[in-house]
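Worksheet: one structure, shown below.
The values are calculated or read from the model by the stated rules, or taken from the named source; none is laboratory data. Owing to the predicted nature of the structure, the values given are computational and were not obtained by experimental measurement. Don't worry about glycine lacking a Cβ; one is built from the backbone with ideal geometry, like all the others, and counts go over all protein chains shown.
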Amino acid sequence: MRESYTLQLDDLASDLAQMCHLAEIAMASATRALLTADLTLAEETISGREPIDVLAVEWEQKAFALLALQAPVAMDLRSTVSGIHIVADLQRMGGLAIHIAELARRRHPAHVLPPEVEGVFAEMGRVAVDQAHATRAVLLGRDADLAAELQTKDEAMDELHRSLFTLTSAPDWPHGVAAAVDITLLGRFYERFSDHTVEVAKRVIFLVTGEFRPEES
């Protein structure tokens with residue numbers, strides 16, 4: 001009985017890592033679609049929403065069944081409760097990547113991004129994918145120290161996000177309001193994706209230590 005219970009917990013942890021991996025893949029392909037105005041890739045990215053949503057629903061069903069039937073305590077209880085919040089963050093990460101692909105599809109065959117900001121978004125995509133990859137490692141290893149490091153990694157994304165405002169608000173910005181609105185919206189999607197990786201890190205710290213650590217400056 002205990003062996004079956006442990007296997008259930010392991011399956012739940014594995015499913016979280018798989019959701020994170022799907023969000024990472026979605027962000028990588030959404031960024032490529034955005035930078036290249038590739039309609040086929042945008043459509044493929046958007047179609048990836050369903051596997052993430054299905055995993056989220058299945059995870060919650062299994063977690064609530066575990067709570068009802070096994071009545072976990074201590075770290076097992078923290079693992080299950082933290083996982084419920086983590087699932088929501090991972091699902092939103094996938095959704096944000098989908099939003100990027102949807103905007104690329106909506107503007108096709110035109111490129112969403114003017115040349116002046118392509119490099120910024122390429123870097124934002126790289127940072128986002130790296131953060132998702134690190135988040136998956138945190139979920140698999142339950143490493144509180146690595147999770148604490150992840151909490152500070154969104155500083156690079158914040159700096160890139162600020163640079164977009166500098167570019168689009170400059171008096172000599174040549175691409176008009178519509179382009180500035182698209183860029184602002186896309187920047188927000190990347191920033192929120194990064195924020196959710198930090199939230200997952202906080203949940204893992206709580207899972208392992210039973211307390212939230214303050215973010216390092």
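Some points to look at:
- Looking only at the stretch 141-165, and only at residues there that are in contact with a Leu (Cβ under 9 Å, 6 or more places away or on another chain) and of a type outside the set (Gly, Ala, Ser), the one that is nearest to THR209 (Cα to Cα): ARG142
- If you go through the stretch 33-52 and keep only what is among the acidic types (Asp, Glu), assigned to a helix (DSSP H, G or I) and in contact (Cβ under 8 Å) with a residue 40 or more places away in the chain, you end up with just GLU43.
- Members of the stretch 134-170 found to be over 30 Å from GLN18 (Cα atoms) and outside any helix (DSSP H, G or I), listed by number: SER169, ALA170
- Single match in LEU77, LEU16 (criterion: buried (at least 18 other Cβ atoms within 10 Å of the Cβ) and either at pLDDT 90 or above or more than 30 Å from HIS108 (Cβ to Cβ) (or both)): LEU16
- Looking only at residues in the stretch 95-116 that are assigned to a helix (DSSP H, G or I) and either modelled with pLDDT under 95 or among the basic types (Lys, Arg) (or both), the one that is surrounded by the most Cβ atoms within 10 Å (Cβ to Cβ) is ARG105.
- Per-region count, the stretch 53-71, residues hydrophobic (A, V, I, L, M, F, W, C), in a helix (DSSP H, G or I) and farther than 14 Å from GLY83 by Cβ: 3
- From the options ARG2, ARG92, ARG32, ARG49, residue that is farther than 18 Å from GLN131 by Cα, among the basic types (Lys, Arg) and at pLDDT 75 or above: ARG49
- Screening GLY119 against (1) farther than 15 Å from LEU35 by Cα; (2) small (Gly, Ala, Ser); (3) free of Cβ contacts under 8 Å to residues at least 12 places away in the same chain leaves a single unmet condition, (1).
- In the set (1) modelled with pLDDT under 95; (2) not in a loop (DSSP other than H, G, I, E, B), the condition left unmet by TRP173 is number (2).
- Criterion (surrounded by fewer than 19 Cβ atoms within 10 Å (Cβ to Cβ), more than 13 Å from the chain's Cα centre (by Cα) and either among the basic types (Lys, Arg) or under 27 Å from ILE84 (Cα atoms) (or both)) met by exactly one of ALA137, ALA147, ALA178: ALA137
- Residues satisfying the stated conditions in the stretch 144-161, i.e. free of Cβ contacts under 8 Å to residues at least 60 places away in the same chain and over 26 Å from SER29 (Cβ atoms): ASP145, GLU149
- Within the stretch 27-66, the set of residues being acidic (Asp, Glu) and surrounded by fewer than 18 Cβ atoms within 10 Å (Cβ to Cβ) comprises GLU43, GLU44, GLU50, ASP53, GLU58, GLU60.
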